[in-house]
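To start, the structure under review is shown below, and the notes come after it.
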Amino acid sequence: MLMYVVRRLLQAIPVFFGTTFLIYFMVFAMPGDPILALFGEKTPNPAVLEALREQYHLDQPFIVQYFLYMKDVFTGNFGTTFSGQDVGDVLARTFPVTLKLVIMAVVLEFLLAVIIGLISGLRQGKFFDNSSLVIALVLNSVPVFVALFLAQYFIGIKLGWAPPTVGANTTWAAMFLPALVIALTIYVTGMRLMRGSVIEARDADYVRTAQAKGLTSRRVVPVHIARNSLIPVITNTAASFGALIAGTTVTEGIFNIPGVGRTLYQAIILGEGPTVVTFVTILTVIYVIVNILVDLLYAVLDPRIRYV
Amino acid sequence: MTNPPSASTRRASEPLVSVRDLEVTFRTQGGDIHAVRGISFDIFPGETVAIVGESGSGKSTTATALIKLLPGSGRISAGQVLVEGRDITGLSDRQMASIRGGVIGYVPQDPMSNLNPVWSVGYQVREAIRANGVASGRKDIEARSIEVLKQAGLGDAERRTKQYPHQFSGGMRQRVLIGIGLGADPKLLIADEPTSALDVTVQKTILDHLASLTREKQAALLLITHDLGLAAERASKLIVMNQGRIVEAGPSLEILQNPQHPYTKRLIAAAPSLASRRIQSSTEVTFADADALGVDIAKLAARHDDDSAIADAEPAITVSDLTKVYSIRRGGFSSEPLTAVDNISFTIPRGTTLALVGESGSGKSTAAKMILGLEPPTSGEITVGGTRLTGVSRSQLFNLRSRMQPVFQDPYASLDPQRSIGAIIAEPLKVHKVGDNASRDARVVELLEQVALPSALAHRYPNELSGGQRQRVAVARALALKPEVVVLDEAVSALDVLVQAQILQLLADLQQELGLTYLFITHDLAVVRIVADSVAVMEAGKIVETGTTDEIFDNAQVAYTQRLLEAIPGAGIPLGA
């Protein structure tokens, strides 16, 4: 087990360098001069321009820039944004907000998937199953930004049940509505996975054995049907966790949440190399770690899987 | 072997279970299917009853109807099931829960799929004990679970309860299932093919255990089986089922030695036993006749000559000093070698059959894979028809493959469900670029004829065929490239006894007609008796004994072979015909 974890972490090293290099290259290859762009219409003093170029290593060749940047990263210096803020500070401020939003969305998604999937699977072909499929298809086919606008307008503004924008007030309650909307647009996959494995487990031989022992369905359903069906759903949910952290740009934009997604979006527009590279690198690391955790979770959920 | 208590002592009491005019119906898209059509029988306390029949006869459906755990859309559509005088057909699931486990225990058929893979073995046994209130309190339940597992023959139960099903062998899992079935001291234990997935020696141990346990606890036993020998040996009363009806019922020995119903007679005639002799080809018996009359193996076998011709023929396969060593990972970077096949040598003369016999894990299938060129040997040499198979290049091996073809055990898994029968049979021809489309089609028709299937089947799909028909297709596919050697890996083990007899007959005819050489891999010694010219017995990777079939069966020298022979169910019972 330990060997496996070590091996997976070692594998993450080339992933780390590969992504950062790729991102750095893409930022470098973007057209336009970010320093010139900072001055807008004004003509800058060439000496100031030169000083700024030097500060951001923009006068060096690409590959040197990359290694200078990596050196800074490993000494704990993530660089500064163009407005002079430390990128590390920006990350520390925005990351917890996004994490909160994503955790809430993932928990809601998981609960929806498991509960609706379990009932649908047990009542296959009945009213609940059919209507949950129709609802799921409707929710799944609405693009997430449309759903977010609709929720913002009707629930936030018309009904006033939840704050229509989040702003600086990043509490759990304030972010519940956007989290729920995200959950509703992505729970379908997990729900169908759960339903499918419940249907399979329901007819499994070991379920019949459990019933033949004299167990009632109050015990057979949670212990032998639901427990076995959770494995694919948990994997799916955990995998969506990584994707969600990276994919909250739209949600954070619409609900004005000061999180990673919105900051990253602005940095891309401004061409802030250090901010973009740092954020994407952190997201990559999180994605890799979440995936390792998912694989380890497999072994916990299914005793047949052992890593050596 | 058990000696059931005499009938008179039992009949004094009321029946424990009484089935009256039971009908079971499955609702399908094509209309209702009546799986059980009005059967009646009684089981008395302490009695052992066996229901015998082929797949589809309704025997397993009857068993699950007694505990109302019918699969899918099945339901009891008429009749009564009285358990201790109480009709259970109208009971709710909750009421049934109090009968299941406590009054009627159930040991299911397939030990591989009947334990929940995510819970420990001990947990699953404790569940059964707790549900029926046999013991209460953590300690008592724990102690009781270890006790039942020990009774079921799991020696080191204390250590084993924390392990998971995948860490157990099939035989051990079956013991766990028996432990679960007996966990709450039921008055009746239903055992549905409790040993058909197991090796004969393990089978014998498990059945002995079941018999002594039910005797100790004064429990009745209902055995569901396709194996007449096993039923006769273990049960005092036999119920023969065919197409949802009871065709014959009565004391076991009486039925076996003097069957009244034509179906029972066919079943007994087709059952291979130690008393049978080698099948000869039946050129004068056509397959239409064979299907109508049932293939009478005993009669065909009577025309058995002797084995004198064997020695003269040139060898089709020569295997010398064949060894296969796998390395098994032991965690971390260490691994240890496992010798699956250990220095075996044999030859098969052209046109004859060698049976490679052994239990699971004896290395017989690994040997077959190497001979088929699917697995490279670690050392040793294989020669097929004078050409060496070992140490040749990939492309040479590809060409050699057409000379030895396999037929595998499971006719359901070995045919691609997405392709038509014609495409399946023609595939080896395509792969080896034999002929064009038209000539391949002609060959498919010819092959279907050889295996006695109508040529119209070429456009059908595997799911439309019965198990026996599928296995004929698998044989036709193996013959497509006109191989010299056919490796039959448990090729008849999954088939019902009547179908099995037909396939064995087909194989014998084809051997005669085409001069084929068979390597027949099996764990079933009774089948060996009727198909093989010579036998090689494998144990733990080594060949421990070889000889002609008669030599081995009449005069086995090695203790292991003797044990295998003794373990064949019904070995000592003379069958009538």
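Each value in this text was obtained by applying a stated rule to the coordinates, not by laboratory testing. Given the structure is predicted, the values throughout are model-derived calculations rather than measurements. Virtual Cβ from ideal backbone geometry, glycine too; neighbours counted across all protein chains shown.
Based on the alpha carbon coordinates of the stretch A:131-273, what radius of gyration and maximum Cα-Cα distance (Dmax) apply, in Å?
Expressed in Å, the Cα Rg and Dmax of the stretch A:131-273 come to 20.1, 67.
Net charge near residue B:539: determine it from the other residues with C-beta under 12 Å of the C-beta of residue B:539, scoring Lys and Arg +1 and Asp and Glu -1.
My count for the surroundings of residue B:539 gives -1.
How large is the helix-only mean residue ellipticity at 222 nm for chain B, computed as the sum of -39500 (n - 2.57) over DSSP H runs with n ≥ 4, divided by its residue count, in deg cm²/dmol to the nearest 500?
Calculated mean residue ellipticity at 222 nm is -10500 deg cm²/dmol.
Given N residues in the stretch B:94-141, what is Rg(Cα) / (2.2 N^0.38 Å)?
Its radius of gyration relative to the 2.2 N^0.38 Å reference: 1.25.
Taking the Cα centre of chain A as origin and charging only Cβ (+1 Lys, Arg; -1 Asp, Glu), how large is the dipole, in debye to the nearest 20?
1660 debye
Let's test the formula: R0 of 45 Å, r as the Cβ-Cβ distance of residue A:85 and residue A:304. What FRET efficiency results, to the nearest 0.05?
0.35
What is the sum of charges around residue A:79, taking Lys and Arg as +1, Asp and Glu as -1, for the other residues whose C-beta is under 13 Å from the C-beta of residue A:79?
Around residue A:79, the surrounding residues sum to -3.
What Kirkwood Rh does the stretch B:31-77 have if only Cα atoms enter the pairwise 1/r average? Answer in Å.
Roughly 12.0 Å, rounded to one decimal.
Hey, how many Å between the Cα centroid of the stretch B:82-114 and the Cα centroid of the stretch B:117-152?
18 Å
Tell me the chymotrypsin sites (Phe, Trp or Tyr not before Pro) within the stretch A:90-195 that lie in a loop according to DSSP and have at most 14 other beta-carbon atoms within 10 Å.
A:161, A:172
Do you know the relative contact order of the stretch A:96-270, to the nearest whole percent, from alpha carbon pairs under 8 angstrom that are 6+ apart?
Worked out over the stretch A:96-270, it gives 35 percent.
Please name whichever of A:152, B:351, A:87 sits farthest to the positive end of the charge dipole of the protein assembly as shown, dipole taken about the Cα centre and charges placed at Cβ: Lys and Arg +1, Asp and Glu -1.
A:152
With labels modelled as points extended 7 Å from the Cα through the Cβ direction, what inter-label distance (nm, one decimal) is found for residue B:378 paired with residue B:163?
Result for the modelled spin labels: 2.4 nm.
Average the reciprocal distances over every distinct pair of alpha-carbons in chain B, invert the result, and give the Kirkwood radius in Å.
Kirkwood hydrodynamic radius for chain B: 25.6 Å.
Using the charge dipole of chain B (Lys, Arg: +1 at Cβ; Asp, Glu: -1 at Cβ; taken about the Cα centre), state which of B:518, B:409, B:503 has its Cα farthest towards the positive end.
Farthest along the dipole direction, towards plus: B:409.
Once you've got the Cα coordinates, tell me which of B:364/B:542; B:324/B:542; B:150/B:237; B:430/B:482; B:369/B:430 are over 18 Å apart.
B:150/B:237; B:369/B:430
Could you put A:285, A:198 in order, starting from the residue whose Cβ has the fewest other Cβ atoms within 10 Å?
A:285, A:198
Across peptide B:115-121, how many C-beta atoms of other chains are within 10 Å of each residue C-beta, on average?
For peptide B:115-121, the averaged partner shielding equals 6.
What residues qualify as long-range amide H neighbours of residue B:248, i.e. H under 5 Å apart, gap of 5 or more or another chain, H built at 1.01 Å from N?
Correct list: B:240.
Could you work out which residue, out of A:156, A:125, A:196, moves most in a Gaussian network model of chain A, that is, has the largest mean-square fluctuation with Cα springs under 10 Å?
A:125
If you split all Cα-Cα distances of the protein assembly as shown into 10 Å bins from zero, what percentages do you get per bin, shortest first?
Bin by bin from 0 Å, the calculated values are 2, 10, 15, 18, 17, 14, 10, 7, 4, 2, 0, 0.
Relative contact order (percent) for chain B, with alpha-carbon contacts under 8 angstrom and 6 or more residues of separation?
15 percent.
How big is the stretch A:2-74 by Rg and Dmax over its Cα atoms, in Å?
Spelled out, the Cα radius of gyration and Dmax of the stretch A:2-74 are 17.3, 59 Å.
Could you state the number of Å between the C-alpha centres of the stretch A:231-308 and the stretch A:115-146?
26 Å
Quote the FRET efficiency, to the nearest 0.05, computed for residue B:75 versus residue B:95 with a Förster distance R0 of 22 Å and r equal to the Cβ-Cβ distance.
Result of the calculation: an efficiency of 0.85.
Short version: what are the Cα gyration tensor semi-axes of the stretch A:116-204, square root of 5 times each eigenvalue, largest first, in whole Å?
Semi-axes (√(5λ), whole Å): 32, 13, 10.
Along the positive direction of the dipole of the protein assembly as shown (beta-carbon charges: Lys, Arg +1; Asp, Glu -1; about the Cα centre), which of A:24, A:45, B:544 reaches farthest?
The residue sitting most towards the positive pole is A:45.
Using the Cα centre of the protein assembly as shown as the reference point, and only Cβ charges (+1 on K/R, -1 on D/E), how large is the resulting charge dipole? Debye, rounded to the nearest 20.
I would put it at about 2380 debye.
Which is the longest run of chain A containing none of the trypsin sites (Lys or Arg not before Pro) found in DSSP loop states (not H, G, I, E, B) with at most 16 other C-beta atoms within 10 Å?
It works out to A:127-303.
Rank the residues B:364, B:237, B:217 as a footprinting-exposure proxy: fewest other Cβ atoms within 10 Å of their Cβ go first.
Fewest-to-most Cβ neighbours within 10 Å comes out as B:217, B:237, B:364.
Could you tell me the convex hull volume per residue, in Å³, taken over the Cα atoms of the stretch B:136-233?
Cα-based convex hull of the stretch B:136-233, divided per residue, equals 99 Å³.
When Cβ neighbours within 10 Å are restricted to other protein chains, what is their mean count per residue of peptide A:200-211?
6
Rounded to the nearest 5, what is the percent of antiparallel bridges among the DSSP beta bridges in the protein assembly as shown?
55 percent
For the stretch B:145-175, run through the trypsin sites (Lys or Arg not before Pro) and keep only the ones in DSSP coil with at most 13 other Cβ atoms within 10 Å of their Cβ.
Loop-located and lightly packed - B:162.
Output the Kirkwood hydrodynamic radius of chain A, Cα pairs only, in Å rounded to one decimal.
That comes to 22.5 Å for chain A.
When only alpha-carbon atoms are used, what values of Rg and Dmax, in angstrom, describe the stretch B:68-191?
15.3, 48
To the nearest 20 debye, what charge dipole does the stretch A:117-235 have about its Cα centre, counting +1 at the Cβ of each Lys and Arg and -1 at the Cβ of each Asp and Glu?
Around 380 debye, computed over the stretch A:117-235.
Express as a percent, rounded to the nearest 5, the fraction of DSSP beta bridges in the stretch B:78-220 (both residues included) that run antiparallel.
So the antiparallel bridges amount to about 25 percent of the total.
If you average the alpha carbon positions of the stretch B:336-370 and of the stretch B:484-538, how far apart do those two centres end up, in angstrom?
Comparing the Cα centres of the stretch B:336-370 and the stretch B:484-538, I get a distance of 15 Å.
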